[in-house]
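Right, one structure below, let's go through it.
Each value in this text was obtained by applying a stated rule to the coordinates, not by laboratory testing. Note that the structure is a prediction, hence the values are computed from the model and not measured. FYI the Cβ positions are ideal-geometry reconstructions off the backbone, even for glycines, and counts take in every protein chain you see.
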Amino acid sequence: MRKRITVFGSTGSIGENTVDLLTRQGGAEVYDVVALTGGRNVARLAEQARALQADLAVTAYPECLDDLQAALAGSGVEVAAGPQALAEAADRPADWIMSAIVGAAGLVPGMRALKHGTTLALANKESLVTAGPLLLATAERFGARILPVDSEHSAVFQALVGEDMSAVERIIITASGGAFRDWPIEALANATPEQASSHPNWAMGQRITVDSASMFNKAMELIETKEYFGIEPGRIETLVHPESLIHAMVGFRDGAIMAHVGPPDMRHAIGYALNWPDRRDLPVARLDLAQIGQLNFRPACEVRWPALRLAREVMETGGHSGAVFNAAKEAALDAFLARQIGFTRMAEVVEEVLDRLSRENGLRNAVTSLENVLEMDHLAREEVAQVLRADSPQKR
Ligand code: NDP
């Protein structure tokens, strides 16, 4: 039977890699592409939709609809726009759905898709961070499956094939350290968005690249690990590994460590999720370990990367603290990219917002509804705006 496929965020970095793999594996001759969705890059979305003969193309932005319509005129591809259209795209029956919208905007389509019992390939880490328990409960209730696409979680998932979680002692998530791993800590306050937007090993979207420099990305991954694999925070470790060749390791109770080694190319994790439970040829470089010679590791310093400490606090608190953490981080990142605040101020702002809201709103309440998650997300963004309005020029 032909596999029915939908890709949310097809014009992004993960989305493009997904489209690349779908095309290499036969494209429209092999797959029924149900829907492709993007944001402002409607020209690329239209190109993809034509090439893969998608039934539907959706832009997240109503003001982009006319352009999308024009770009797809005569193609037979249906077009739509706006958050509601995105959610409705998730209702169209599909066997495999890639969730690769960036930010909390990815949560609603992913949740909707799970209610149809689909397989959700989850790149959108914000979904697990903001609403992990709800996401997993929904998947279970509707017989859906979530396959991790973040490279670290795909690595852990692969290391666990044939294993039982009761045999797992710890999970080690590796981190490249991002753009500033070797900078003097005192210099970080003056780092610019351009400097933070260049990753030493991975080619990714700008937001996740900056999040790698601040380690907010790793912080999110630690929370994802706790949620997805159901392991206590104290048994999740972070290890700086500048080469980004080992993506994660699982330590077992007998002392063995299983490490997943591969090139820093997201097409591995995406391809694994696409073809799971099979493995197929993937267009990723084969490592020559003799040539590489050595792999390096160092501890992850929570003074340099306070986001890691905040992630531990969020994991301990649970409840809605993940939604607040993510939304505050997204808003602080916007402010940094707009040059309203400095690089190190991002973590301070997130911490202030977590403190304020945990005093006022009982963040420990269990995550049971999407509405509550979205409300917390909204509250946290408002708090960031307040904190920034009150900031003196020196603090910024
Ligand atoms: P990009 O910024 O490259 O792409 C994001 C995609 O989402 C684009 O298709 C974009 O459209 C679309 N988009 C942007 N804003 C909205 C919105 N408000 N509503 C709906 N769609 C929107 O991101 P990445 O591909 O880098 O990351 C996607 C997700 O995957 C993130 O959650 C990230 O953390 C995660 N991830 C990414 C990795 C990577 O290697 N890039 C690795 C692991 C996880 P357009 O571009 O047309 O405006």
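A few remarks follow.
- ³J(HN,Hα), Karplus 6.51/-1.76/1.60, whole Hz, each residue of the stretch 131-141, x for Gly, Pro: 9, x, x, 5, 4, 5, 5, 5, 4, 5, 4
- Summing charges over neighbours of Ala81, with a neighbour being any other residue whose Cβ is under 14 Å away from its Cβ, gives -4 when K and R count +1 and D and E count -1.
- Cα gyration tensor shape of the stretch 288-396, rounded if a/c is under 1.5, else prolate or oblate by comparing a/b with b/c: oblate
- Here the 3J(HN,Hα) profile of the stretch 253-260, calculated from phi with Karplus coefficients 6.51, -1.76 and 1.60 at θ = phi - 60°, is 5, 8, x, 6, 10, 9, 10, 9 Hz, Gly and Pro shown as x.
- Counted by neighbouring Cβ atoms within 10 Å, the residues Phe252, Phe8, Phe157, Phe142 run from fewest to most as Phe142, Phe252, Phe157, Phe8.
- Paramagnetic label zone (point 7 Å from Cα along Cα-to-C-beta, Glu371; backbone N under 13 Å) in the stretch 88-132: none
- As a length-normalised measure over Cα pairs under 8 Å and 6 or more apart, the relative contact order of the chain settles at 14 percent.
- GNM flexibility winner over the chain from Glu16, Glu169, Glu360 (Cα, springs under 10 Å): Glu360
- Rounded Å value of the spacing that divides the Cα centres of the stretch 76-113 and the stretch 259-308: 28
- Full extension of the chain between Asp182 and Gln195 gives 3.4 nm of extra length, using 0.36 nm per residue less the Cα-Cα distance.
- For the stretch 196-260, size of Cβ-based charge dipole, Lys and Arg +1, Asp and Glu -1, in debye: 60
- In the chain, the DSSP-assigned H stretches of four residues or longer account for a calculated mean residue ellipticity at 222 nm of -14000 deg cm²/dmol, using -39500 (n - 2.57) per stretch and the full residue count as denominator.
- Extreme residue, positive dipole direction of the stretch 271-328, given options Leu308, Gln291, Leu274 (C-beta unit charges): Gln291
- The chain shape via C-alpha gyration tensor axes, a/c threshold 1.5: rounded
- Amide H contacts under 5 Å for Met98, placed H, 5+ residues apart: Thr6, Val7, Phe8, Ala121
- Cross-link partners of Lys218 among lysines, defined as those whose alpha carbon lies under 26 angstrom from its own and excluding same-chain residues fewer than eight positions apart: Lys125, Lys226, Lys329, Lys395.
- Charge tally around Ala90: other residues with Cβ under 14 Å, Lys/Arg +1 each, Asp/Glu -1 each, net 0.
- Label-point separation, Arg141 to His378 (7 Å along Cα→Cβ), nm: 2.1
- Each Lys and Arg contributes +1 and each Asp and Glu -1, all at the Cβ; summed about the Cα centre of the chain, the dipole is approximately 240 debye.
- Among 274-282, 343-351, 286-294, 126-134, sorting by the average number of other beta carbon atoms lying within 10 angstrom of each residue, highest first, gives 126-134, 343-351, 274-282, 286-294.
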